[in-house]
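**Q** Supplied in structure tokens, the structure appears directly below.
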Amino acid sequence: MTTHRGASRWDALASLLRPDAARWVVLGLLVAAGAALTITGPLVVRRLVDRAADGADTSEIVRLASVFLVIAVTTQMLAVVVTWFATVAAWRTTNGLRMQMARHVLGLDHEFHRTHTPGELIQRVDGDVTSVSEFLGKVVTKAAGAAMVVAGMIVVLTVIDWRLGLGMAVYVAAALAVVVRGRHRAVSESSDEMGALGRLYGGIEERLTAAEDLRASGAADHVAWRFVEDSEEALTSAVRRERAFLVMWWFVQAAVAAGWVVALVLGAWLVDAGTISLGTAFLLFQYVLLVSRPLEEVVHELETVQKANGAMVRVLDLMATEATVVDEGRTSPPAGPLSVTASALCFDYGDDQPVLSDVDLAIGSGRSVGIVGRTGSGKTTFSRLVLRLVEPTDGTLALGGVPIADIPLAELRSRVALVPQEVELFAGTVRDNVTLFDDGPTDVAVGDALRRVGLDVLVDAGLDRQLGAAGSGLSAGQAQLLALARVWLRDPDLVVLDEATARVDPETEARLEAAVADLMRGRTSLVIAHRLSTLRSVDDIVVFEGGRIVEQGSRSQLVGDDDSRFARLLAMALEPARTPTETTP
Amino acid sequence: MSSIVVEPPQHDDDSVSPLPPGSFDGNVWSLAWRVSQHRARETWLGWSLFIVFFSMPAATGYLLGRGYDALADGDTTATMWWAGGVAASETVRMVAVHHGALIWTKAWIHMQSLLRANMLAAQMASGGPEAGQPVGSAGAAITHFRDDAEDVANFVDGVVDVSGGLVFTVIAGFVLGSADPSAAAILVVPLLGVAVGTRVLDTRIKEYRAADRAATAHVTGLLGDVMAAATTVKVNDATEPVLRRLQTLVDRRRRTAVRDRVLEEGVQAFSQGAADVGLGLVLLVSAGAIASGSFALGELALFTAYLGWLSFLPRMVGRLLARRKQAGVAFDRMRRLVADESADNTVRRRVLPIDPADHRSRPPVVRPARVPLERFDVSGLTVTYGDRVAVDDVGFTVGRGEFVVITGPVGAGKSTLLRSLLGLERNASVSGSIRWNGVEIDDRAAFMIPPNAAFLSQVPQLISDTVADNVGLGPVTVDELAAALRIAAITDDIVAMPAGVDTMIGPRGLRLSGGQRQRLATARALVHVPELVVLDDLSSALDVETELHLWENLATTGMTVIAVSHRAVAFERADQVLRLEAGRLTCR
């Protein structure tokens, strides 16, 4: 933990609090009022003890006792108000952070999401941020209150006798120094523990997601064993963390006990010397007790502090992770269907196995292109480059003549759409799943999009029907159609269909193909499939193999040439019955 | 929820249980007891040390009282001795808590692990008595494993605190009572007030906690879905709408969290105030004695010291009551994941060697006995969801070594049919008979797993593990593994990987292409050489050549296969082709 890191963490926290500054200031004032009351109570008792020693009568004692009682009651009521105020402020503030993080994470690369499970990300965006909010709501308030109480006590004691004030100041400083020293080790152990827990929960989330497959495979025992291994890690790191905390606990308890002992002995000595009164000696005792409560709580809450510290570290790390895809574009390609031009395009994952090498391709505006090749030939990666989910390692890619990096991301996203291989659905309404939670499109528009792809049954059952949670789900075929509906709604200038029609039966496939052909009109389309029958309606064909383009040309030309790779692939396909509209494959 | 949601309605975590919400008030104690006895040694040892830790302050306070008496009398030497006694008493206390805390940390994790292991086992069980209702959203379900388990551990923790506080309070009661009976008596007022007040707020605490949990589950549920579908969100530029929805959920959760936390903190602050209020009352009641000098400084010190610690008990009792309610809510939520939705199944005894000091050996993987398949008969199979009939009176027979293809339009019920054969349709009502060699299969989910039956789903899920473990899901021999990879036509791909079969696959197997995942999952289905292989649309992510290889390879193994397919290559090789339309068989 370098100081630079520490400084930036405080900066981050400060910038988090700034928008709600007024709230925090009011909170500060309330806490100060509470601190003032807390210090006054023992002063009343001091006066009571001295007056009793001087031989005051019962009624005076009663009066002083009543004052003390009133102060005690008021302090507690104020404490509840402070708690409410602090919790509201903390949650408002950290919800802002939560949203910021969610936004940031969603903007991160495909690479990032590949290597981080959703369970882990939930722990970061929700779990870690909750730790920070508990820190702000509970700990900061208590710490601020304690600090004010201690400062006030030192002032009061100094007024009585400067040596007492000095003594108290030295005592508090020593106690704090000792606690702070133990902190650093506790921080790293706490962060490790959170990491182990993240892996444990991430693993569980994964198994739950894959639950049906695991059940069907009789994998319960295997999962149970992995769980034991992950839990052992969690236990070991928890014990390490506790050990680090206990070191601090020893110091704090020693400090508190030392405080009592010194207050007693010092008090006896000073009273004997006639320097202070009995009441003042008792005040010393009461003030040491007052200090010990926050000191003990510091260690108690230190766990919250360390959790929050570890959480802040991870939050900052996550926020510092940058998407490699940077939105610096300012040039818009011409309106209308986009052309796609690649020259010497290369891509690899940083290892020595290039996924794409030297790809040269020119797709005219409005043309539909079928991209074929074995699995792993690079065609999926090519589509990711066109969608700008990843950046090429070499070469250039241009849409509508504009290099893809120069196009503003928002514009790119609205003009380029994807019908993916695996349709991702959400727990939400049918409407939510088509519009992706966007309230903009009208119900009529959503209904039209669904009807266009043949999902009339969904429209008739009601767009507000819940999917996934309470309502029934969709079959794989229906999900594919829904993905098409999503694209219809967006009306893009370039469509990438990634093995979209692979999972449906021939009749529905025919329906789908008609809808897809409909969709391809007036746009540039890239259809990536290994089902050759889906390529019936495209203009051009591109064949990928081993990360390179080994053949490209118009479909009719390639089909006619028996020596072409494409024709040979077709022949091997042994495809089912042709449609009535076409007699040759 | 990353996989495509196939037909059945998923179980809703927040659905109202048929049991009344208060039904756990009695049981929580016994359930928590059983959880604590999972690792009894750690629990009892930790508890004992904490009792010492909580009761030592009685000695410290008494010694302080004597010290201040000596101070008031001007006897400095005696004061020093009493001060020394304080130091000694505190040292004993600190040693006790050092060891106690370390042991309790372990106990804490042990208790949560028991609950987690039981829930996980119930969700992973292939049929049988242990199987629980499948959970809806994995993201939302994490709150059970994270927060609900912690709530139960917190409750046991609270019991330890309260028992310690009780011991201290009893001792303190004696000491204070013998010092000044009337002052001691008046203390009952504030302490009782705290206890009553927190009891009154009990039901509120439980309501607020349940509401907060539900709101949190909504937030984590959406986050999980969205993180899993990050590509879709990004490509569709849906970040803003998604974030707007998230904001709504997050705001709602803020409100529930504030209510929950404030009440909890309020209760605590309230009981802390009891100490000062108590002191005020003592001063008031003893005013006369103070004025006359019979209530000495030492007694005042004694009361002041004890009061600081005395308020611990009402605070802990209040907190315990709140925690009991929270534990009740937690058990109520956790039981939904286990068999019969019975909370008893969350605390079943289990061996969990998670302490490094434990002797650990991996238990053998238990699979059902292999029953070689001669005939597989399905008759009158009907699958209904509520009033919707998904599969209607389907019947067919498969002989040993046959290759049966099932086809039909989208939504015809093919997946439902296959999954109900294997007992995976827990949310539907399934009727009809399925016979293996003429014998009715009682618990399909338990029987129809490798080595008897294996399943490849439409969207196969892999896990973060090595290739070998993803295929074997338990120890397998090198030969078995190699054979499975070969049949699934993925051997070349694995050889090309950096560590071969020991290569780790990334989160949910995303490091592989769609086709590789499909083939790896196929290898997983085949590795135990199942009698019956059930494949739901295997050809979807594969190109024609690869699929051809697969059918050819499968044919050489002689396994009995039931597969969904729409391709000529499949129809041509099939012994039977069954066509399903709107749940009914229209044979071809």
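**Q** Shape verdict for the range B:455-532, please, from the Cα gyration tensor: rounded (a/c under 1.5), prolate (a/b greater than b/c) or oblate. Before the final figure, lay out the partial values.
**A** On the way: a/c = 1.44, a/b = 1.14, b/c = 1.26.
Because its axes are fairly even, with a/c under 1.5, the range B:455-532 counts as rounded.
**Q** Taking only Cα atoms, what is the 0 to 90° angle, nearest 10, from helix B:27-36's long axis to the longest principal axis of chain B?
**A** With rounding to tens, the tilt is 90 degrees.
**Q** Name the residue farthest towards the positive end of the dipole of the range A:42-94 from the options A:Val44, A:Ala89, A:Ser59, assuming +1 on Cβ of Lys and Arg, -1 on Cβ of Asp and Glu, about the Cα centre.
**A** A:Ala89
**Q** What share of all Cα pairs of the range A:365-471, in percent, falls into each consecutive 5 Å distance bin?
**A** 2, 9, 15, 18, 15, 13, 14, 10, 4, 1
**Q** Which pairs, out of A:Lys379/B:Lys234; A:Lys307/B:Lys206; A:Lys142/A:Lys307, put more than 23 Å between their alpha-carbon atoms? Spell out each step's value before the answer.
**A** Details: A:Lys379/B:Lys234 20 Å; A:Lys307/B:Lys206 26 Å; A:Lys142/A:Lys307 16 Å.
Listed pairs above 23 Å: A:Lys307/B:Lys206.
**Q** Further, regarding this structure: Tabulate in residue order the Karplus-calculated ³J(HN,Hα) for the range B:202-210, using 6.51 cos²θ - 1.76 cosθ + 1.60 with θ = phi - 60°, rounded to whole Hz; enter x for Gly and Pro.
**A** Values per residue, Gly and Pro as x: 3, 4, 4, 4, 5, 4, 5, 5, 5 Hz.
**Q** Give the average, rounded to an integer, of partner chain Cβ atoms located within 10 angstrom of each Cβ in B:79-87. Working shown, then result.
**A** On the way: counts 7, 5, 0, 4, 8, 2, 1, 5, 5.
Mean shielding count: 4.
**Q** OK, next. Taking only C-alpha pairs under 8 Å that are 6+ residues apart, what is the relative contact order of chain B in percent?
**A** On the way: 893 pairs, mean separation 98.2, N = 588.
It rounds to 17 percent for chain B.
**Q** Using 0.36 nm per residue of separation minus the Cα-Cα distance, give me the extension gain between B:Val200 and B:Ala185 in nm, one decimal.
**A** On the way: separation 15, 0.36 × 15 = 5.40 nm, distance 2.35 nm.
Taking B:Val200 through B:Ala185 to full extension adds about 3.1 nm, to one decimal.
**Q** Tell me the volume per residue, in Å³, of the convex hull enclosing the alpha carbons of the range B:547-588.
**A** Values: hull volume 3.2 nm³, N = 42.
Taking only Cα atoms, the range B:547-588 has a hull volume of 75 Å³ per residue.
**Q** Roughly how many debye, to the nearest 20, is the charge dipole of chain A about its Cα centre, given +1 on each Lys and Arg Cβ, -1 on each Asp and Glu Cβ, and no other charges?
**A** I would put it at about 1900 debye.
**Q** Here is a follow-up. Let's see if you can work this out: charge +1 on each Lys and Arg Cβ, -1 on each Asp and Glu Cβ, no other charges. What is the dipole magnitude of chain B about its Cα centre, in debye to the nearest 20? Before the final figure, lay out the partial values.
**A** Numbers: 56 positive and 63 negative charges, 70 e Å.
Dipole about the Cα centre, nearest 20: 340 debye.
**Q** Would you compute the Debye intensity of the range B:289-413 from its alpha-carbon atoms alone, equal scatterers and no solvent, and pass along log10 I(q)/I(0) at q = 0.10, 0.18 Å⁻¹ to two decimals?
**A** Log10 I(q)/I(0), no solvent term: -0.82, -1.14.
**Q** Using only the Cα atoms of the range B:347-401, what are the Rg and Dmax in Å?
**A** Answer for the range B:347-401, Rg first and Dmax second: 21.7, 57 Å.
**Q** Could you tell me which of rounded, prolate or oblate describes chain B, using a ≥ b ≥ c as the square roots of the eigenvalues of the alpha-carbon gyration tensor, with rounded for a/c under 1.5 and, failing that, prolate when a/b is larger than b/c and oblate otherwise?
**A** Working: a/c = 3.11, a/b = 2.62, b/c = 1.19.
Cα axes put chain B in the prolate bin.
**Q** Return one number: the angle in degrees, 0 to 90 and rounded to the nearest 10, between the long axis of the Cα atoms of helix A:220-272 and the longest principal axis of the Cα atoms of chain A.
**A** 20 degrees
**Q** Now a separate question. Taking the Cα atoms of chain A alone, what are Rg (to one decimal) and Dmax (as a whole number) in Å?
**A** 34.9, 121
**Q** When a footprinting reagent is the concern and you count Cβ atoms within 10 Å, what order do A:Glu212, A:Glu60 take, fewest first?
**A** Details: A:Glu212 20, A:Glu60 15.
Listing A:Glu212, A:Glu60 from fewest to most nearby Cβ atoms yields A:Glu60, A:Glu212.
**Q** For the range B:418-502, what relative contact order do you get, as a whole percent, if you take Cα pairs closer than 8 Å and at least 6 residues apart?
**A** Details: 41 pairs, mean separation 17.1, N = 85.
About 20 percent, as a whole number.
**Q** Per residue of B:261-269, how many C-beta atoms from partner chains lie within 10 Å of its own C-beta, taken as a mean?
**A** The mean count of partner-chain Cβ atoms within 10 Å per residue comes to 6.
**Q** Here's a follow-up. Which three lengths, in whole Å and largest first, does the protein assembly as shown cover when its Cα atoms are put on their principal axes?
**A** Computed over the protein assembly as shown, the largest-to-smallest principal extents equal 120, 71, 52 Å.
**Q** Here is a follow-up. With point charges of +1 on the Cβ of Lys and Arg and -1 on the Cβ of Asp and Glu, referenced to the Cα centre of the range A:316-405, which listed residue (A:Val359, A:Ser339, A:Leu397) lies farthest in the positive direction of the dipole?
**A** Going by the Cα projections, it comes out as A:Ser339.
**Q** Follow-up. For the range B:59-156, what D do you get in µm² per second when you plug the Kirkwood radius from alpha-carbon pairs into Stokes-Einstein at 20 °C and 1.002 mPa s?
**A** Values: Rh = 17.8 Å.
Estimated via Stokes-Einstein, D reaches 120 µm²/s.
**Q** Work out, in µm²/s and without decimals, the Stokes-Einstein translational diffusion coefficient of the range A:30-100 at 25 °C, 0.890 mPa s, Rh from Kirkwood over C-alpha pairs.
**A** Estimated diffusion coefficient is 169 µm²/s.
**Q** Using 0.36 nm times the number of residues separating A:Ala173 and A:Ala12, minus their current alpha carbon distance, what extension gain do you get? Provide the component values of the computation, followed by the final result.
**A** On the way: separation 161, 0.36 × 161 = 57.96 nm, distance 2.72 nm.
Between A:Ala173 and A:Ala12, full extension yields an extra 55.2 nm.
**Q** Need one number: % antiparallel among DSSP beta bridges in the protein assembly as shown, to the nearest 5. Before the final figure, lay out the partial values.
**A** Numbers: 40 of 73 bridges.
So the antiparallel bridges in the protein assembly as shown amount to around 55 percent.
**Q** Would you mind ranking B:Leu421, A:Leu482, B:Leu102 so that the residue whose beta carbon has the fewest other beta carbons within 10 Å leads the list? Spell out each step's value before the answer.
**A** Numbers: B:Leu421 24, A:Leu482 21, B:Leu102 17.
Result, fewest neighbours first: B:Leu102, A:Leu482, B:Leu421.
**Q** Which distance in nm do the two modelled labels at A:Asp327 and B:Trp44 give, with both placed 7 Å along the Cα-to-Cβ direction?
**A** Taking the two extended label points, one gets 6.3 nm.
**Q** While we're here: Find the centroid of the Cα atoms in the range A:295-345 and in the range B:520-588, then give the distance between the two in whole Å.
**A** 44 Å
**Q** Please work out the ratio of the alpha-carbon Rg of the range B:267-352 to 2.2 N^0.38 Å and round it to two decimals.
**A** On the way: Rg = 22.5 Å, N = 86, 2.2 N^0.38 = 12.0 Å.
Against the empirical 2.2 N^0.38 Å value, I get 1.89 for the range B:267-352.
**Q** Then there's this: Compute the separation of the alpha-carbon centres of the range B:363-434 and the range A:193-256 and state it in Å as a whole number.
**A** 38 Å
**Q** Taking the Cα-to-Cβ direction at B:Asp443 and at A:Ser556 and moving 7 Å from each Cα, how far apart do the two end points lie in nm?
**A** Using points 7 Å along Cα→Cβ, the separation is 6.5 nm.
**Q** Using a simple charge model, +1 on the beta-carbon of Lys and Arg, -1 on the beta-carbon of Asp and Glu, nothing else, what dipole does the range A:111-266 show about its Cα centre, in debye to the nearest 20?
**A** Values: 15 positive and 19 negative charges, 193 e Å.
Charge dipole, the range A:111-266, about its Cα centre: 920 debye, nearest 20.
**Q** Taking only C-alpha pairs under 8 Å that are 6+ residues apart, what is the relative contact order of chain A in percent? All intermediate terms of the calculation are to be shown ahead of the outcome.
**A** On the way: 757 pairs, mean separation 77.4, N = 585.
Relative CO of chain A lands at 13 percent.
**Q** Can you list the HN-Hα couplings for the range B:522-530, worked out from phi with the Karplus curve (6.51, -1.76, 1.60; θ = phi - 60°), rounded to whole Hz and with x for Gly and Pro?
**A** 5, 4, 4, 5, 9, 4, 8, 6, x
**Q** Continuing with this model, one more query. Which ³J(HN,Hα) values in Hz, rounded to whole numbers, follow from the phi angles of the range B:158-174 under the Karplus curve 6.51 cos²θ - 1.76 cosθ + 1.60, where θ = phi - 60° and Gly and Pro get x?
**A** Running phi through 6.51 cos²θ - 1.76 cosθ + 1.60 with θ = phi - 60° gives x, 4, 4, 4, 5, 5, x, x, 4, 4, 4, 4, 4, 4, 4, x, 4 Hz.
**Q** Ok, one more. Need the full-extension length gain, A:Ala461 to A:Leu316, defined as separation in residues times 0.36 nm minus the C-alpha distance. One decimal, nm.
**A** Numbers: separation 145, 0.36 × 145 = 52.20 nm, distance 4.56 nm.
In short, 47.6 nm is gained.
**Q** In addition: Mind checking B:143-149 for the average number of partner chain beta-carbons within 10 Å of each residue's beta-carbon? Write out the running numbers ahead of the final one.
**A** Numbers: counts 2, 2, 6, 9, 2, 0, 0.
Per residue, the number of nearby Cβ atoms from other chains is 3 on average.
**Q** Oh, and also: Which shape class, rounded, prolate or oblate, goes with the range A:118-190 when its Cα gyration tensor gives a ≥ b ≥ c as root eigenvalues, a/c under 1.5 marks rounded, and past that a/b bigger than b/c marks prolate? Walk me through the numbers on the way to the answer.
**A** Working: a/c = 9.51, a/b = 2.40, b/c = 3.96.
Verdict is oblate for the range A:118-190.
**Q** Of the options B:Val92, A:Leu463, A:Ala102, report the single residue whose Cα projects farthest towards the positive end of the charge dipole of the protein assembly as shown (beta-carbon charges: Lys, Arg +1; Asp, Glu -1).
**A** Sorting the options by dipole projection puts first B:Val92.
**Q** Between 0 and 90 degrees, rounded to the nearest ten: what's the tilt of helix B:297-310 against the longest Cα principal axis of chain B?
**A** 10 degrees
**Q** So who's got an amide H within less than 5 Å of the one on A:Ser525, skipping anything under 5 residues away but keeping other chains? H placed 1.01 Å off N, in plane.
**A** Excluding prolines and chain starts, which carry no amide H, the hits are A:Arg367, A:Ser368, A:Val369, A:Val495.
None of the figures in this text is laboratory data; all of them are computed from the coordinates on show. All of these numbers come straight from a predicted model, not from anything done at the bench. Because the Cβ atoms are built from the backbone with ideal geometry, glycine has one as well, and the counts that use them run over all protein chains shown.
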